[in-house]
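Working notes for the structure below.
Nothing in this text is a laboratory measurement; each read-out follows from the coordinates by a stated rule. Keep in mind that what you see is a predicted model, and the values were worked out from it rather than measured. Using ideal geometry, Cβ is built from the backbone for each residue, glycine included, and neighbour counts are taken over all protein chains shown.
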Ligand SMILES: Cc1ncc(C[n+]2csc(CCOP(=O)(O)OP(=O)(O)O)c2C)c(N)n1
């Protein structure tokens with residue numbers, strides 16, 4: 001059993017043979033008597049309750065909590081592997097630190113379910129990620145224990161440093177802790193913060209939660225460095241070097257040798273973080289409460305920037321997730337005893353349409369290279385990596401770098417296709433303007449999750465790309481109305497000699513047959529899909545389907561605009577002349593969006609016509625069911641009809 005709905009980060013759903021629950025046996029359970037369900041967990045309504053427990057009880061609590069997380073996520077969908085990996089860490093942090101007075105900032109925040117459950121949201125987990133329910137990420141408005149709102153990665157160290165410095169300035173004595181994964185640690189922003197924090201005397205602790213995974217296997221030199229830190233041989237060498245250091249007074253020759261070793265980073269495994277000015281402790285087992293609790297207590301008594309390296313395992317305690325943490329990163333609902341089962345049949349998602357196009361195009365044109373900032377699965381690049389490993393680049397969680405890296409490739413005559421979520425391109429905006437657009441480089445941006453994403457909520461909605469892209473000179477921006485148009489637009493984009501974005505929504509489209517044959521669309525041309533009277537609906541991308549439905553009742557003309565930029569100004573002028581009202585409809589922020597572009601075009605030609613702009617309102621849209629959220633925003637058939645009738649009356 002599985003729902004096709006995974007997290008927005010991840011599609012969810014694939015075949016897996018029968019599963020098995022593996023909660024590690026609690027200590028005293030071996031003796032016989034089964035315990036009441038959630039015996040301890042049910043007594044924890046906030047961390048003060050947790051701090052009343054004896055240390056020896058924490059293991060039982062961890063077992064109960066882990067089982068609760070698994071059961072809960074299997075019923076709501078959400079992030080699983082990462083949350084099974086942070087159970088002990090969440091317990092130890094709230095046990096040792098005086099939360100909420102002390103601040104814990106979770107990076108990304110997708111791994112905070114145990115933290116949520118321990119901080120008064122056990123029952124609320126039932127409504128996780130659904131309309132009106134709690135968020136899948138930390139939210140300051142949701143709980144005082146959520147010290148900082150997150151969902152995009154690698155912000156925790158900066159925020160923690162800000163809070164630690166604020167405490168200093170205000171003369172408040174408290175601890176600030178950032179918990180960051182090895183994937184998130186690979187982003188430039190994390191290092192910018194380390195660079196800043198290391199020379200401060202801020203009392204802050206950075207905990208590196210190292211599970212050797214991003215969503216898919218972690219990539220990059222930092223990852224290799226961390227692996228080296230953990231490798232036995234490196235430790236042995238470092239230990240021996242340390243022993244020699246502590247031995248007899250060294251000769252000059254030995255000193256010179258040690259200096260060389262030190263310069264090479266061979267003497268102490270903590271070189272990198274210590275060179276940044278942090279006091280490094282670790283690595284320790286992040287599932288061993290007997291190691292975590294005393295270590296955190298010790299560190300709590302130290303001043304200045306501290307760095308604790310903990311090693312955890314994604315999916316810990318649930319066999320199937322341990323074996324395939326990628327599959328269980330962000331599943332939909334599933335039966336824990338069976339594991340995730342692929343939802344059979346169904347329409348292809350836009351992500352799949354993109355992935356198939358990429359492979360087909362790569363076969364035709366050897367200049368094509370594919371780039372993902374750590375979203376291989378979510379962006380549909382799994383097959384491309386297998387078929388074209390040398391032309392595939394996972395650059396880590398590094399959107400800024402990804403954009404400029406694409407620019408570099410384009411400078412040398414390659415044709416980079418950057419697969420990136422609309423929301424994450426926000427990170428690479430200056431790079432897009434400064435490195436790609438000013439130099440008019442032919443980079444294709446395959447913008448997935450453009451529009452509302454559902455369960456992941458406001459942080460992940462692709463609401464702003466139309467507005468932030470269309471104002472950039474040299475950009476071409478297209479929005480496909482169906483799957484086949486998506487394929488043809490990607491092809492069109494690839495053939496252009498300038499930066500081009502194709503923005504498509506999460507999930508599947510109307511189910512139009514996909515033509516294998518690729519043909520370029522005329523640049524900046526829309527098409528009339530239905531002829532009606534008085535009212536013309538100008539639909540962009542995904543909004544064509546509800547526009548056509550609404551048009552039946554309104555007897556309206558419907559244009560599939562296809563291009564946000566360049567706009568089909570001729571078509572707009574024509575429709576303005578032949579209709580009494582124009583209605584623009586887009587799945588993007590209405591302010592500065594495609595509708596604004598239409599208004600600007602009309603104004604530039606001195607055409608006045610009653611105009612109605614439908615799109616996402618000027619407020620952040622929370623998590624919930626995508627279709628319902630669209631309806632609430634008035635972007636479904638009945639919303640369009642109501643808005644048009646209201647305006648026309
Ligand atoms: C800026 C940004 N890019 C991409 C993502 C998508 N994303 C969510 S979790 C994740 C992996 C995080 O890996 P890590 O920090 O190691 O945490 P883990 O899940 O392994 O505990 C990614 C890439 C994101 N949230 N933010």
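What to note about this one:
- Helix axis angle, 188-197 relative to the chain longest principal axis, alpha carbon, degrees: 40 degrees
- For the range 595-649, the calculated P(r) over all alpha carbon pairs, in 5 Å bins from 0 to the bin holding the longest distance, is 4, 17, 21, 19, 18, 12, 6, 3, 0 percent.
- Ordering of 145-153, 381-389, 435-443 by burial proxy (mean other Cβ atoms within 10 Å per residue, highest first): 145-153, 435-443, 381-389
- Rg ratio (alpha-carbon, reference 2.2 N^0.38 Å) - the chain: 1.04
- Calculated on C-alpha atoms, the gyration radius of the range 399-487 divided by its Kirkwood radius gives an Rg/Rh of 0.97.
- Between 0 and 90°, nearest 10: helix 232-246 axis offset from the chain longest Cα axis: 50 degrees
- Taking other Cβ atoms within 10 Å as a rough exposure proxy, 626, 379 sort from fewest to most as 626, 379.
- Theoretical ellipticity at 222 nm over the chain - DSSP helices of four or more residues, -39500 (n - 2.57) apiece, nearest 500: -10500 deg cm²/dmol
- Sorted by Cβ neighbour density within 10 Å, fewest at the top, the residues 434, 175: 434, 175
- From most to least packed by mean Cβ count within 10 Å, the peptides 179-187, 280-288 give 179-187, 280-288.
- Against the chain, whose longest principal axis comes from its Cα atoms, helix 544-554 is set at around 40 degrees.
- Centroid-to-centroid separation of the range 319-380 and the range 122-170 [C-alpha atoms, Å]: 29 Å
- Rounded Å value of the spacing that divides the Cα centres of the range 495-553 and the range 84-106: 48 Å
- Ranked 561, 581, 125, criterion: other C-beta atoms within 10 Å, fewest first: 581, 125, 561
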